[in-house]
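These notes concern the structure reproduced below.
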Amino acid sequence: MHILAFLLRRSVQAVIVMFVISLIGFSIQDNLGDPLRELVGQSVSEEERDLMREEMGLNDPFFVQYFRFLGNAVQGDLGTSYFFKRPALDVIMDKFPATFELVLGAVFIFLSLSIPAGIYCAIHRDSWITRFIMSASIVGISVPVFLTAIGMVWLFGVELGWLPAFGRGDTVELPWGWETGLLTWEGLSHLILPSVTLSSIMLPLFIRLIRAEMMETMSTDYVRFAKAKGLSTSRVRYVHAFRNTLLPVVTVGGLMIGTLIAYTILTETVFQWPGMGFLFLEAVNRVDTPLIIAYIIVVGLIFVVVNTLVDFLYTLINPMVKLPGAKS
Amino acid sequence: MAMLEIEDLHVAFPKGKKAEVEALRGVSLKLEKGERLGVVGESGAGKSMLAFSILNLIAEPGRVSQGSVAFHGENLLELSERDIRGIRGNRISMIFQDPMVTLNPVLTIGTQMVETLKAHRKISDAAARKLCIAKLKEVAIPSAESRLGAYPHELSGGLRQRVVIAIALLTDPELIIADEPTTALDVTIQAEIMALILKLCREKDVALILITHDLGIVAEVTERIMIMYAGLCVETGPTQQIIQAPHHPYSAGLLKALPQFAGRGTRLYQIPGSMPPITALPPGCAYHPRCERATELCKAQVPPLEHGHACFHPIDQTEAAS
């Protein structure tokens, strides 16, 4: 029952957020240059251009255009891409699996490395391994992602030639039309460099976050009491300390997913990864306004959904947080 | 042989790169089976340090730099991590100061009780839960069965401290170390909790080390007192004897400061000054800057603990009577 109340409440909030995103997204269209110039060549006369503007509704007042857009958007029509001459949403959804798998790979890499590394650094504070990881993480935080990407391409793609650094390789189409690169060795090998690059933004941050939180929980009274009860070291560390460490980590992690999506634009561009981010950059270069707006709205929706999921997950691991609307 | 015998215990913390400061500067005590000892002193006197060093639980970077803690003749400080775990929470239990932060917020009461039993006994889940319910009833927690599934935040401070006491009693320990068990509680339930601890210790013949700054509680609960000041024991002896006739000026000052001893309408007595931090101890007797009986001798030498007090100029009872 209270899960339904929670979902209802969050849906209302999501609608408001999406409304604001659509307004901001739509309002940039006037500032991106003249779409007519991209659509038609030099040979079309000024009169014909005016006529086309009138037909496309580009001369209407802003709010008339906006509400027309909004009316179509709630029916799933985010406009037609000028370049692809197809519905913008369809164009984006074709590219969604590639981006999703890239993010999935990055999340898998940084979670499976940052948790053990963070715990290790919290427990062995003064070992030389800890000092090395801590220093390396400072470097990692400071290096911009495009530099990491280019470095990866140069080292593993060009110099050593171990891994492909271009595109997605062969994909397999799943029954519901999802193009996956996770099922073939070739697809996976193409995924390694881009997802390592993308995870390199999060990894040092998460190691430091998990270490700091773990050190804090290790010095709490309840961990000391757990030791005084005679529990084994591993139970004290992983059941008593680490579960409490997870709370802030999940919160920050949820927010970071957004950053991760933002960085897919850079990563996908360097690796020519055929995902949404790469598509978005192309759309910007072509002033493909409907596609740009559709991208902003789809990414906004992903943000809202992920944050709702994170809040839900948080209530599962923290008994002190009740879902809003739950009976106490 | 006494059950617990602490000999010349020193606890040191690093200060800077090379130097160390001592939080405990050589404390000795003996405790017989079923005996109740009160350890009294101001904050920072080293009381909690003493409590935690018994189970070798001093928080890093502190360490026991000297001395021994013999439990039935076995030095706990020399046991392996595995062996000391068999003592912690099993034969010697602890009750912490603040029940609001002693229990893990993300685990149920049941989990936190059962895991203690499972760490020390081969016992089935069902039997463990049954025993936990029995202990919760012993500490007078209403509807004990339903509390096992509750999280700590669903219980009041008083109830949480009862849960902590129940956990301490789960394995029928020989000694309970209670570190200011009522300080963080409402005044109205302090007496209840203290009475509960006293009753359970008496019934089960469990020895108690009660750490507190409240002489009033010590007078009611314990048989012997140890008064600590700046990492040293300054006076020790039977509770009634010390309360009626303290020898050390510090003990006398603490007693005089109790509201019970102040006349109606008069100002409460206060010991002048405050205890020096362990990083800046004066030479000689650490109490001399606050002591009205101090002489040049007190500034030069640390008085040894003799006849139950560490003072060059103890209060003579004939003098005190006049």
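The values are calculated or read from the model by the stated rules, or taken from the named source; none is laboratory data. It should be emphasised that the depicted structure is a prediction, and the values quoted were computed from it without experimental measurement. Positions of Cβ are backbone-derived with ideal geometry, glycine not excepted, and every protein chain shown enters the neighbour counts. Keep in mind that these areas ignore ligands, DNA and RNA; they rest on the heavy atoms of the full protein, side chains included. Shrake-Rupley method; radii C 1.70, N 1.55, O 1.52, S 1.80 Å.
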Report yes if residue A:239 is aliphatic (A, V, I, L, M), farther than 21 Å from residue B:57 by Cβ and either in contact (Cβ under 8 Å) with a residue 60 or more places away in the chain or open to solvent by 20 Å² or more (accessible area, probe 1.4 Å) (or both), otherwise no. no
Flagged pairs (Cβ under 7 angstrom, 6 or more apart or on separate chains; first in the range A:303-321, over 25 Å from residue A:100 (Cα atoms) and within 12 Å of chain B (Cβ to nearest Cβ); second of a type in the set (Ser, Thr, Tyr) and open to solvent by 80 Å² or more (accessible area, probe 1.4 Å)) are none
Top-ranked residue in the range A:201-232 [being of a type in the set (Lys, Arg) and either touching a Ser or Thr at 6+ places or on another chain (Cβ under 6 Å) or within 14 Å of chain B (Cβ to nearest Cβ) (or both); ranked as nearest to residue A:257 (Cα to Cα)]: A:208
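Could you say whether any residue in the range B:186-198 is hydrophobic (A, V, I, L, M, F, W, C) and within 14 Å of another protein chain (Cβ to nearest Cβ)?
No, because not a single residue in the range B:186-198 is hydrophobic (A, V, I, L, M, F, W, C) and within 14 Å of another protein chain (Cβ to nearest Cβ).
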Is it the case, given these coordinates, that residue B:44 is over 16 Å from residue A:230 (Cβ atoms) and either in a loop (DSSP other than H, G, I, E, B) or at the interface with chain A (Cβ under 8 Å from one of its Cβ atoms) (or both)? yes
Is it fair to say residue A:166 is away from chain B (no Cβ under 14 Å) and either surrounded by fewer than 21 Cβ atoms within 10 Å (Cβ to Cβ) or touching a helix residue (DSSP H, G or I) at 6+ places or on another chain (Cβ under 8 Å) (or both)? yes
Does at least one position in the range B:277-293 carry a residue that is part of a strand (DSSP E or B) and either closer than 30 Å to residue B:172 by Cβ or touching a helix residue (DSSP H, G or I) at 6+ places or on another chain (Cβ under 7 Å) (or both)? no
Among (1) at pLDDT below 85; (2) among the aliphatic types (A, V, I, L, M); (3) within 29 Å of residue A:299 (Cβ to Cβ), where does residue A:51 come up short? (3)
Report the residue count in the range B:104-136 for those that are of a type in the set (Val, Ile, Thr), more than 10 Å from chain A (Cβ to nearest Cβ), open to solvent by 30 Å² or more (accessible area, probe 1.4 Å) and not in a loop (DSSP other than H, G, I, E, B). 1
Filter the range A:31-48 for residues that are modelled with pLDDT under 75, open to solvent by 100 Å² or more (accessible area, probe 1.4 Å) and not basic (Lys, Arg) and give the result. A:31, A:42, A:43
Which of the following residues is open to solvent by 10 Å² or more (accessible area, probe 1.4 Å), in contact with a strand residue (DSSP E or B) (Cβ under 7 Å, 6 or more places away or on another chain) and more than 15 Å from residue A:232 (Cβ to Cβ): B:101, B:69, B:64? B:64
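Residues checked against (1) over 30 Å from residue B:311 (Cβ atoms); (2) out of contact with any Gly (no Cβ under 8 Å at 6 or more places or on another chain):
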site: B:185; (1), (2): yes, no
site: B:191; (1), (2): yes, yes
site: B:203; (1), (2): yes, yes
site: B:231; (1), (2): no, no
site: B:243; (1), (2): no, yes
site: B:248; (1), (2): no, yes
site: B:255; (1), (2): no, yes
site: B:263; (1), (2): no, yes
Is there a residue in the range A:274-293 that is open to solvent by 20 Å² or more (accessible area, probe 1.4 Å), among the aromatic types (Phe, Trp, Tyr) and within 14 Å of chain B (Cβ to nearest Cβ)? no
Could we say that residue B:249 is in contact with a His (Cβ under 8 Å, 6 or more places away or on another chain) and surrounded by 14 or more Cβ atoms within 10 Å (Cβ to Cβ) here? yes
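Considering only residues that are among the aliphatic types (A, V, I, L, M) and in a helix (DSSP H, G or I), look in the range B:72-103 and name the one that is farthest from the other protein chains (Cβ to nearest Cβ).
B:77
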Scan the range B:6-31 for residues that are within 16 Å of the chain's Cα centre (by Cα) and open to solvent by 50 Å² or more (accessible area, probe 1.4 Å) and report the count. 2
Just wondering, is there one or more residues in the range A:222-233 that are of a type outside the set (A, V, I, L, M, F, W, C), within 22 Å of residue A:106 (Cα to Cα) and in contact with a Gly (Cβ under 6 Å, 6 or more places away or on another chain)? no
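Name the single residue that is farthest from the other protein chains (Cβ to nearest Cβ) among those in the range B:141-158 being open to solvent by less than 30 Å² (accessible area, probe 1.4 Å) and closer than 13 Å to residue B:99 by Cα.
Result: B:158.
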Go through (1) within 14 Å of chain B (Cβ to nearest Cβ); (2) closer than 26 Å to residue A:196 by Cα; (3) open to solvent by less than 40 Å² (accessible area, probe 1.4 Å) and name the single condition residue A:267 misses. (1)
Evaluation of residue A:180 against (1) within 14 Å of chain B (Cβ to nearest Cβ); (2) out of contact with any helix residue (DSSP H, G or I) (no Cβ under 6 Å at 6 or more places or on another chain); (3) open to solvent by less than 10 Å² (accessible area, probe 1.4 Å) (one fails), failing number: (1)
